[in-house]
Structures are given as structure tokens and as C-alpha cells.
Amino acid sequence: MNNPSINPAESVVAGRNESPSATLAPACCPICDRAAAGPALETQGNYSLFSCPRCELQYWTPRVLPTAEWYELMYSGRDAKLLPLEPGHKYFLSDPKAPKSGDLLDVGCGTGNFLAAARDKGFRVSGTELDRSAANFAHEKLAVENIFPFSIIDFAAQHPAAKYDVVTFFEVLEHQADPAAFLKSVASCLRPGGYIALSVPNRDRWLTGPDVYDYPPNHFLRWSEAALCNILQRFGFQILSVQQQPIDFPHAVSMINLALRSGLTKKVTGREDIFFRDLMQMDAPGAAAVIHQAPTARQRLMASLGRVKRGLCYPLAGAALPYLRMRGYKAAYLYCLARLS
């Protein structure tokens, strides 16, 4: 989430359903349908970021979901190994207010690392995942049987009788083009009094520069604690617990490294850094040209110097961390547990 630039040798991209050059949708909140509170907060390519004055959601427009193939390629690096649990997963599994057993559906389950952990804790687990490679990893490596190749909206429509005690969606809600339809579908999959647990990137986290992953068509929504609670209550959920991840060492290292950007790469190599947020918005031929461009000797040298620079940020982060924690700085994850009223 905090990698400030893209390595063309490790990047992938695929086509989207529509080009972002499509006509901009009206700047209205996708939850409240209220007009935006003033002009765009930020622009990136043909996208504009607005804020809702009622629910406090920040949303990009236009919002067109990428294809399943785009996700498969963009996240292909995760399919080769078992990833560690994310903070949101750990918050749920240790939350004293969360259920400890029952039927659990994880939306956007990825390679199934959370499903395997929840199963070990006593849940009967199922998941949805559009990335076929990730789903295959969960089947073959973790023996997770019930993974459906649908979005939650399609799953709810095609399996109306399927009901669960818990529906989880970690690092999924920020990707949604239609969050209202998403949350309605989640609610329809719950038994009476069922629980939801989720995490999203916290827009109130400490940032010293742009998070290159936090742009469309990867992310369409930016969440704060207030926006998340406002909107979940609007859809009939009672908030049980909220956790903003406190600043930690890895986040401090990344933010100090980002703050110390010097522009040296352009001076030495004659080329601007290629950011993930820009790569995502290129057409397929342009992105492919960037991805497959062989790095020059100077570019390889700069990559090595970049790793050295990041290493030098470790003692700085260690020294700064007590102060950052004292001041209440936040890291990336915003977790919430709620129950259907």
C-alpha cells in the first residue's frame, strides 16, 4: 500500500470495461445522492475526488470497475505464496465482541489466508473471489472448498437462499463503484442479527505524500471513521467496535522514505518515476511499453540507491516512533465490527 513507485519489471496491467475518458458522472455522493461539497479535492488523469457534506464519504468520479482479468494481472504477485494475515484480520479474530463460530462468508477472499485462519478458529468458511489464480491457490494450497467466482452483488442475486452468521470484507469496500449496492447485497446475505467485519484504508492515516495505490481504478472511495460509521448505520447496522491502527514501524519507515524524495532519479536517468496510479490509467499499449521497457544501467543503479536510502530510514523511524505514537498518528488500517439491527 505504501510503495511510492512502481518497478516496471514487476508490474502488470490489463484492459478495463471502459476508458476513464468516458463522460464524467455528476458529482453526487453514491450513498446520499447529495451534490458534492464544493469543487474537486484532487484530480488524477480524468478522475476527480469529491466529498459528501452529509455522510462525509470521499469518492472519485467516474467510477467504472475494472475487469476480472485486470485484477488477476494486477495482483498476480500474491498468488505464489501464503501471505500473512493483515491487521484487519487480526482485529476481528481477537475482537471480544465478535462471534467465535458460525457460517462465515469472506468477500474478496484473495488467496484464502484469512479463511484458513477463521476455519482454524471454528468457523465454517466460504468466500467470493474474482481472481481465479487467487481462488485456485486457496483451493489447492489451503483446502478451502467453497469459493464462488462472483462479486457479492452477483452472488446475492444468484444465491438468494444463502445466509451467513458473519460476512467479512477486508480491504474491499474502497474498491466499489456502487457502495450502496454492495452494502445492500452484504446485508441480504446475513441471517437476522448477523455480523459484518471489515477494514478499509484510513484516510486519516499519516501520509507524507500520495499513496500510489489509493487512486482509481484501484480505489474509488476514501473512508474516515465518521464516514464509515455514518454509512453503516444508514444501512441498518449497529456499530460494535472500531479500531484505527496506530502508527507502526513499517508505516513510519515508508512515510519518512516518501518525505525524503529528492527527484534524483530524474536528474540521473533523465526519466520521471513511473507511479502505479499513472500506470493504471494508461491504455493497454502504453502500459505494456512501460512494463516491458528494460531498465538501463543508470536506472538499476538508482534502484539500488533507493534501497540503500530506505535502509537509512530505519533508524530515523525508530527514533521518531515514540513521538509519533504520543501524538496519536495513525497507520493504514481502519477496522469495524457491526451487527445487523
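The values are calculated or read from the model by the stated rules, or taken from the named source; none is laboratory data. On a predicted model such as this, the values are computed, not experimentally measured, just so you know. Glycine also receives a Cβ, built like all others from the backbone with ideal geometry; neighbour counts cover every protein chain displayed. Note: areas computed on protein heavy atoms with side chains; ligands, DNA, RNA excluded. Shrake-Rupley method; radii C 1.70, N 1.55, O 1.52, S 1.80 Å.
Among the listed pairs 90/309; 121/330; 100/163; 81/330; 81/141, those whose Cα-Cα separation exceeds 20 Å are 90/309; 121/330; 81/330.
Were the residues from residue 161 through residue 304 laid out at 0.36 nm apart, the gain over their Cα-Cα distance would be 46.0 nm. Taking 20 Å as the cut-off, the amide N atoms of the range 130-155 that come nearer than this to a point 7 Å along the Cα-to-beta-carbon line of residue 81 belong to 133-143.
For the range 137-182, the solvent-accessible area works out to 42 Å² per residue, with a probe of 1.4 Å and every protein chain left in place. Length gained on full extension, residue 241 to residue 121: 41.2 nm, using 0.36 nm per residue less the C-alpha separation. Calculated FRET efficiency, residue 296 to residue 208, Cβ-Cβ distance, R0 = 35 Å: about 0.75 to the nearest 0.05. Here the Karplus curve 6.51 cos²θ - 1.76 cosθ + 1.60, taken at θ = phi - 60°, turns the phi angles of the range 103-114 into couplings of 8, 10, 10, 9, 7, x, 6, x, 7, x, 4, 5 Hz, with x standing for Gly and Pro. Between the beta carbons of residue 226 and residue 43, assuming R0 = 25 Å, the FRET efficiency works out to 0.55 to the nearest 0.05.
Here the range 107-126 is scanned for amide nitrogen atoms under 17 Å from the site 7 Å beyond the Cα of residue 133 along Cα-to-Cβ, giving 109-113. Ordered by 1.4 Å accessible area with all protein chains kept, 168, 43 run largest first as 43, 168. If R0 is 30 Å, the Cβ-Cβ spacing of residue 233 and residue 327 corresponds to a FRET efficiency of close to 0.55.
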